[in-house]
Amino acid sequence: MIKFGEAAVSEHRRTFLKTTLAMTAAAAVQAVAPRGAFAQAPASPAAKYTPAPMAFDPKKIKGLSEKILVSHYENNYLGAVRRLNAIAEQLGNLDFDKAPVFTINGLKREELIAMNSMILHEVYFATLGDANAPGKALADQIAKDFGSFERWKSEFVGMAKAEGGGSGWVILTYSPHDKRLVNAWAADHTTTVAGGEPILAIDMYEHAYQMDFGAKAAEYVTAFMNTLNWSHAEAAFGKRKV
Ligand SMILES: [Fe+2]
């Protein structure tokens, strides 16, 4: 149908715009299209992390309130797992061939922080319960590597108190590399003995004690040592000890 006047001009403009946009889109696709069959890696399936249920009764841990234990578990532990899953989702969809280095570095750094936070909190919560003593195998290893249980405890407690007011962990770690236990200092979630098995850990972030003890980190360390149940530590040690 032939159109005249303004209607014909509008139609012409629409056609021109459509054509121009289509050409621009095609050019854009061409510009980012992979050069060759393997130029762009496919997205990988995102890792899924499932939080461990609260295995202790927060009403029955002597020296630590239900309020702080529930807050710690829900906000810090579950928060770390939620964050880890969100990061994994983004990493799964990330095109590592084209992503800026600051995006790759940032996501991988945050992944490591969230992953170690998840793992170390699980070790921490697994030790809360009725205080007991380590079994023979672990007690013997402690005596061998530290001279005595008392010496190990003095070192572990001293290191924890020294971290008061800062952020980090003290981790009794079994190192398969050297076949020995070591009290490892960790300034944050990301520094620990490579290849080591964390068998016991005290959380020295303020969220672990501030609600109950204010700035008195030393009192929190004493309370933690009085709730120390070694059952999980023994199992973790037995699993890695060769
Ligand atoms: Fe924590």
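Just so you know, all these numbers are worked out from the coordinates, no wet-lab data involved. Owing to the predicted nature of the structure, the values given are computational and were not obtained by experimental measurement. Methodologically, a virtual Cβ is constructed for each residue, glycine included, from the backbone with ideal geometry; neighbour enumeration extends over all protein chains shown.
Under the classification rounded if a/c is under 1.5, otherwise prolate if a/b is larger than b/c and oblate if not, where does the range 66-126 fall, given a ≥ b ≥ c as square roots of the Cα gyration tensor eigenvalues? Present the calculation step by step, with values, prior to reporting the outcome.
Details: a/c = 3.52, a/b = 2.95, b/c = 1.19.
Because a/c hits 1.5 or more and a/b exceeds b/c, the range 66-126 counts as prolate.
Enter the Cα centre distance for the pair the range 150-185 and the range 198-229, rounded to the nearest angstrom.
13
Would you kindly calculate the mean projected area, averaged across all directions, of the convex hull enclosing the Cα atoms of the range 127-242, in square nanometres?
6.7
Do the alpha carbons of any pairs in LYS153/LYS179; LYS108/LYS216; LYS48/LYS216 sit beyond 29 Å of each other, and which pairs? The partial results should precede the final answer.
Values: LYS153/LYS179 20 Å; LYS108/LYS216 34 Å; LYS48/LYS216 38 Å.
From the list (LYS153/LYS179; LYS108/LYS216; LYS48/LYS216), the Cα-Cα distance tops 29 Å for LYS108/LYS216; LYS48/LYS216.
If you place +1 on the Cβ of every Lys and Arg, -1 on the Cβ of every Asp and Glu, and leave all else neutral, what size is the dipole of the range 172-242 about its Cα centre, to the nearest 20 Debye? Don't skip to the end; give the middle numbers.
On the way: 6 positive and 8 negative charges, 87 e Å.
In debye, rounded to 20, the range 172-242 gives about 420.
Under a Cβ-Cβ cut-off of 12 Å, what is the net charge of the residues other than THR127 that fall near it, where Lys and Arg count +1 and Asp and Glu count -1? It would help to have the intermediate numbers written out before the result.
Values: positive: none; negative: GLU122, ASP130, ASP203, GLU234.
Around THR127, the charge tally is -4.
Specify whether the C-alpha gyration tensor of the range 146-193 places it in the rounded, prolate or oblate class, a ≥ b ≥ c being the square roots of the eigenvalues: rounded for a/c under 1.5, otherwise prolate if a/b is larger than b/c and oblate if not. Don't skip to the answer; put the middle values down first.
Details: a/c = 4.27, a/b = 1.20, b/c = 3.55.
In terms of gyration-tensor shape, oblate.
Set Lys and Arg Cβ to +1 and Asp and Glu Cβ to -1, take the dipole of the range 136-240 about its Cα centre, and tell me which of PHE213, GLY238, GLY165 lies farthest positive.
Projecting each Cα onto the dipole axis, the largest value belongs to GLY238.
Summing +1 for each Lys or Arg and -1 for each Asp or Glu, what net charge is found among the other residues whose Cβ lies under 13 Å from the Cβ of THR191? Provide the component values of the computation, followed by the final result.
Details: positive: ARG109; negative: GLU163, ASP188.
Once positives and negatives cancel, what remains is -1.
Taking the Cα centre as origin and putting +1 on Lys and Arg beta-carbons and -1 on Asp and Glu beta-carbons, what dipole magnitude results for the range 66-126, to the nearest 20 debye?
Values: 6 positive and 8 negative charges, 26 e Å.
Dipole about the Cα centre, nearest 20: 120 debye.
Would you tally the net charge around GLU234, using a Cβ to Cβ cut-off of less than 11 Å, leaving GLU234 out, and scoring K and R as +1, D and E as -1? Mind showing how you got there, number by number?
Values: positive: LYS136, LYS239, LYS241; negative: none.
Net of charged neighbours comes to +3.
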